[in-house]
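Below is one structure, written out as structure tokens, with a few remarks after it.
The values are calculated or read from the model by the stated rules, or taken from the named source; none is laboratory data. Fair warning: this is a prediction, and the values are worked out from it, not measured in the lab. Cβ placement follows ideal geometry from the backbone for every residue including glycine, while neighbour counts extend to all protein chains displayed.
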Amino acid sequence: MKWRFLGSLAEARKSGCSGVYLIVHQGVFERVVYVGVSNNVGRRISEHYEGYLRGNRTIYNAGHNDDVYKFMSAYKVRNHTKHYQELANQHKIWASTTVDLNSAINLLSEEQQFGFQWEDILLNKYLPQLVVWALPFADYTYEKATVIESVIQTKLVKAFDLRGFFNLKQISILGKIEQPDLTKISQCIDSPKLDLASQVIFNNLHTAGVPIEAYRIFSVQLDKEISQREKEKEARLALMQKKILRHKNYGKPWTHEDQEKLRVMLVDFEMKPSQMAFYLGRDPRSIAKRISNNDKLSQRKWREDLKWL
């Protein structure tokens with residue numbers, strides 16, 4: 001079995017082969033952005049192509065001078081969903097996970113419109129960099145194809161820390177993983193033309209786990225982005241330490257004792273959050289939010305007794 005280059009998405013629409021296919025972004029590095037299977041790859045690529053034009057596929061603000069994985073990878077990121085949402089709000093990601101929706105919705109930033117700005121990014125920046133590789137099957141079955149598809153997805157996700165936009169195990173950023181527990185395939189398959197780290201992974205699909213070499217190469221490839229994320233992490237930690245020094249209970253869960261102190265100060269002494277801050281060791285905004293949440297949860301009855309919470 002060998003990978004076959006099908007060209008651009010427009011060219012790949014003419015293919016009639018069946019098997020596993022890769023949509024690859026040719027930027028600074030050649031990165032896999034989607035893995036799928038079909039008994040007619042050309043027809044499936046047509047669905048992708050038309051979906052892109054409607055805004056029903058995920059689009060990255062990445063051209064030929066960009067590494068698309070700087071948007072896709074959550075390496076060194078603590079909260080990946082928040083990270084992706086921030087990128088979406090910056091017009092770096094248009095997140096859509098199905099070709100069947102008629103309306104274009106950015107699932108990470110629903111107030112956005114698929115208008116001129118995103119159409120310009122798609123047509124002049126992202127779409128021209130997409131190409132397709134296929135692994136044709138002489139005796140295609142969906143079950144056989146999804147074994148290879150799932151192993152590719154699982155290994156790429158793990159190696160490059162490609163999280164999903166949502167906390168769903170089988171919905172990855174590379175497509176739905178049909179068999180997420182598979183770790184390897186039975187045969188050796190050479191890699192298509194991809195970046196060096198991805199080539200290491202594709203050349204080792206028949207072995208369990210991700211080769212250390214792939215991690216090493218990727219860390220070099222994404223060195224600038226990783227350094228920036230580490231600096232941001234250090235800045236967040238420094239800010240947190242500053243807040244902890246100011247409010248000793250910052251970030252700690254509210255105990256029953258804390259809640260009772262809050263209730264007494266609010267009801268019996270009619271204190272404001274700014275006045276409570278010293279005694280509770282918490283930021284006034286956190287205190288105000290706790291009061292509001294308790295009121296909503298208990299319809300203000302917690303002010304009489306905590307049993308209503």
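Some points to look at:
- Qualifying residue in the range 187-202 (condition: among the acidic types (Asp, Glu) and without any contact (Cβ under 8 Å) to a residue 60 or more places away in the chain): no
- Failed condition for Asn56, given (1) crowded, with 22+ Cβ neighbours inside 10 Å; (2) modelled with pLDDT of 95 or more: (2)
- Residue tally, condition over 19 Å from Pro128 (Cβ atoms) and either hydroxyl-bearing (Ser, Thr, Tyr) or without any contact (Cβ under 8 Å) to a residue 60 or more places away in the chain (or both), over the range 22-46: 5
- Scope the range 7-22; condition assigned to a strand (DSSP E or B) and either surrounded by fewer than 19 Cβ atoms within 10 Å (Cβ to Cβ) or not assigned by TED's automatic domain parsing to the domain that holds Tyr52 (or both); matching residues: Gly7, Ser8
- Filter result (of a type in the set (A, V, I, L, M), under 19 Å from Tyr69 (Cβ atoms) and part of a loop (DSSP other than H, G, I, E, B)) within the range 186-204: Leu194
- Scan of the range 148-168 for residues that are more than 12 Å from the chain's Cα centre (by Cα) and surrounded by fewer than 19 Cβ atoms within 10 Å (Cβ to Cβ), ordered by number: Lys158
- Within the set Gln241, Gln221, Gln228, the sole residue that is surrounded by 11 or more Cβ atoms within 10 Å (Cβ to Cβ), over 30 Å from Leu306 (Cβ atoms), over 21 Å from the mean Cα position of the chain (by Cα) and not aromatic (Phe, Trp, Tyr) turns out to be Gln241.
For every residue, the table says whether it meets (1) buried (at least 19 other Cβ atoms within 10 Å of the Cβ); (2) more than 27 Å from Lys158 (Cβ to Cβ); (3) of a type in the set (Phe, Trp, Tyr).
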| position | (1), (2), (3) |
| --- | --- |
| Lys2 | no, no, no |
| Val24 | yes, no, no |
| Gly36 | yes, no, no |
| Gly42 | yes, yes, no |
| Glu47 | no, yes, no |
| Tyr60 | yes, no, yes |
| Lys82 | no, no, no |
| Ala88 | yes, no, no |
| His91 | no, yes, no |
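- Of all residue pairs spaced 6 or more apart or on separate chains, those with beta-carbon atoms under 9 Å, a first member in the range 244-257 that is surrounded by 10 or more Cβ atoms within 10 Å (Cβ to Cβ) and a second member that is among the basic types (Lys, Arg) and outside any helix (DSSP H, G or I) are His247/Arg282; Lys248/Arg282; Asn249/Arg282; Tyr250/Arg282; Lys252/Arg282; Trp254/Arg282.
- Condition met for Thr183 (part of a helix (DSSP H, G or I) and over 20 Å from Ser73 (Cβ atoms)): no
- Every residue from the range 148-162 that is modelled with pLDDT of 95 or more and assigned to a loop (DSSP other than H, G, I, E, B): none
- For Glu111, the conditions (1) surrounded by 15 or more Cβ atoms within 10 Å (Cβ to Cβ); (2) acidic (Asp, Glu); (3) not in a helix (DSSP H, G or I) all hold with the exception of (1).
- Restricting the range 230-271 to residues that are of a type in the set (Lys, Arg) and in contact with a Leu (Cβ under 9 Å, 6 or more places away or on another chain) leaves a set whose member that is farthest from Asn294 (Cα to Cα) is Lys261.
- Helices (runs of 4 or more DSSP H) enclosed by the range 31-100 - at least 2 residues per element that are among the aromatic types (Phe, Trp, Tyr): 41-54, 69-72
- Exactly one residue out of Lys176, Lys125, Lys144, Lys169 is over 28 Å from Leu205 (Cβ atoms) and either out of contact with any Gly (no Cβ under 6 Å at 6 or more places or on another chain) or at pLDDT 90 or above (or both): that is Lys125.
- Comparison of Phe165, Phe218 shows that the only residue that is among the aromatic types (Phe, Trp, Tyr), closer than 22 Å to Lys70 by Cα and not in a helix (DSSP H, G or I) is Phe165.
- Matching residues in the range 235-292 - criterion: being out of contact with any helix residue (DSSP H, G or I) (no Cβ under 7 Å at 6 or more places or on another chain) and β-branched (Val, Ile, Thr): Ile244, Thr255, Val264
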